[in-house]
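Contents: one structure, followed by commentary.
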Amino acid sequence: MTPEQAQALRDLLARQPVAALATLHEGEPAVSMVPCALLPDGRFVIHVSALASHTADMRDHPEVALLITAPLAAGESPLALPRLSVRGRAEVCPVGAPDHDVARAAYLARLPESEELFSFGDFSLFVISVLSARFVGGFAQARSLTAAGFADIVAGRA
């Protein structure tokens, strides 16, 4: 990945606080929308309600996928949109877990309007570890990334 592509990926992640989350629901793929934040090591953080089917799905089948896309500008081809697809593993991050305070802080730094939701008993933090990723920066700009490669880009080491 070129330095320009790595910067484009970091820019996308900085601008877009929402991802499509794919889970396995009753044996079938299901997709929902979740606000998300990033930890410095490249893991994603989501804060979800137990009332949402994707929460139970992640508890039953922690293998998930995320898709983050740039917004479509007028006159732009959807095929030219920068986008990141991630294959990952979701794990609940309960209060008292070693990563909980860091995950909560990262989430609230990104989505401060969500603070009240942390007082709701049915909400939980999940941390999604990246297993692999694919970044498409536009036409002919697709790059596959390992978990380590993705973490290096997020941390600015690549």
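Numerical summary
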read-out: Choice from Gly42, Gly137, Gly27 showing the highest fluctuation, given a GNM over the chain with Cα pairs closer than 10 Å; value: Gly27
read-out: Mean Cα-pair separation over length for the chain, i.e. relative contact order, pairs under 8 Å, 6 or more apart, %; value: 28
read-out: Two-decimal Rg to Rh for region 95-139 - Kirkwood Rh, Cα set; value: 1.11
read-out: Highest-MSF residue in the chain out of Leu79, Leu131, Leu38 [GNM, Cα springs under 10 Å]; value: Leu79
read-out: Phi-based couplings in Hz for region 78-84 (Karplus 6.51, -1.76, 1.60; Gly and Pro marked x); value: x, 6, 8, 5, x, 7, 10
read-out: Cα lying deepest toward the dipole's positive end in the chain, options Pro40, Met1, Val92, charges on Cβ; value: Met1
read-out: Rounded to whole Hz, the Karplus (6.51, -1.76, 1.60) HN-Hα couplings of region 102-109, x for glycine and proline; value: 5, 5, 4, 4, 5, 5, 6, 5
read-out: Region 36-140 shape via C-alpha gyration tensor axes, a/c threshold 1.5; value: prolate
read-out: Rounded accessible area per residue of region 25-158, 1.4 Å, Å²; value: 53
read-out: Rg/Rh ratio calculated on Cα atoms of region 1-93 (Kirkwood radius); value: 1.00
read-out: Nearest-0.05 FRET efficiency for Arg59 and Ala14, computed from C-beta distance (R0 25 Å); value: 0.25
read-out: Residues Val31 and Ala140, FRET efficiency given R0 of 35 Å [Cβ-Cβ distance, rounded to 0.05]; value: 0.85
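The values are calculated or read from the model by the stated rules, or taken from the named source; none is laboratory data. Only a predicted model underlies this, so the values are computations on that prediction, with no experimental measurement involved. Because the Cβ atoms are built from the backbone with ideal geometry, glycine has one as well, and the counts that use them run over all protein chains shown. Only protein heavy atoms, including side chains, enter the accessible area calculation; ligands, DNA and RNA are left aside. Shrake-Rupley method; radii C 1.70, N 1.55, O 1.52, S 1.80 Å.
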